[in-house]
Amino acid sequence: MWVNNRFIVRLPSKPQASFIKKRLISLLEISDLNASKLKPAVVDGLPAMILGNKFIFSIQDKVSKKLKRSGDLLVIEWTNNLRRALKAPQLSLAEAQIKMYGLTAS
């Protein structure tokens, strides 16, 4: 899947791609979209992409297994791909993990 001529996600099946496509189209229709608020998260135990507090999608275990990649790393990569396509700064791996797991410095 591509947004603004930039690669965002690759999914192993057409139904999964169709679902994510619908979610991304819905996201892109937000008139005051601030792509800097896109971040990885954990929702119901699954790696997910959110915009502020709005759920965009999660990565099911079967998807990460088919792609032979960690769902956590996939969601971070896909979030950064979308942020880049929408001209927002990317998150470093550490920044993404801090946001994803709600970590704080100790």
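The values are calculated or read from the model by the stated rules, or taken from the named source; none is laboratory data. Keep in mind that what you see is a predicted model, and the values were worked out from it rather than measured. Cβ sites come from the backbone with ideal geometry, for glycine too, and all protein chains shown count toward neighbours. For accessibility, only protein heavy atoms count, side chains too; no ligands or nucleic acids. Shrake-Rupley method; radii C 1.70, N 1.55, O 1.52, S 1.80 Å.
The table below lists the values:
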{"quantity": "Shape call, the stretch 43-83: gyration tensor on alpha carbons, a/c limit 1.5", "calculated": "oblate"}
{"quantity": "Qualifying trypsin sites (Lys or Arg not before Pro) for the stretch 57-106 [loop in DSSP, other Cβ within 10 Å: at most 15]", "calculated": "LYS68, ARG69, LYS87"}
{"quantity": "Low-density loop positions, GluC sites (Glu not before Pro), the chain - DSSP coil, at most 16 other Cβ in 10 Å", "calculated": "GLU29"}
{"quantity": "Efficiency of FRET between ALA105 and GLU29 - r from beta-carbon atoms, R0 25 angstrom, step 0.05", "calculated": "0.10"}
{"quantity": "Probe 1.4 Å, accessible area per residue of the chain, Å²", "calculated": "62 Å²"}
{"quantity": "Percent accessible area from carbon and sulfur atoms, the chain, protein chains only, probe 1.4 Å", "calculated": "51 percent"}
{"quantity": "Shape of the chain, Cα gyration tensor, a/c cut at 1.5", "calculated": "oblate"}
{"quantity": "Mean Kyte hydropathy of 0.5 or more with a Cα span along the axis of at least 18 Å, helices from DSSP in the chain", "calculated": "none"}
{"quantity": "Distance violations [Cα-Cα > 23 Å] among LYS62/LYS87; LYS54/LYS99; LYS22/LYS87; LYS37/LYS66; LYS65/LYS87", "calculated": "LYS62/LYS87; LYS37/LYS66; LYS65/LYS87"}
{"quantity": "Efficiency of FRET between TRP2 and LYS66 - r from beta-carbon atoms, R0 30 angstrom, step 0.05", "calculated": "0.90"}
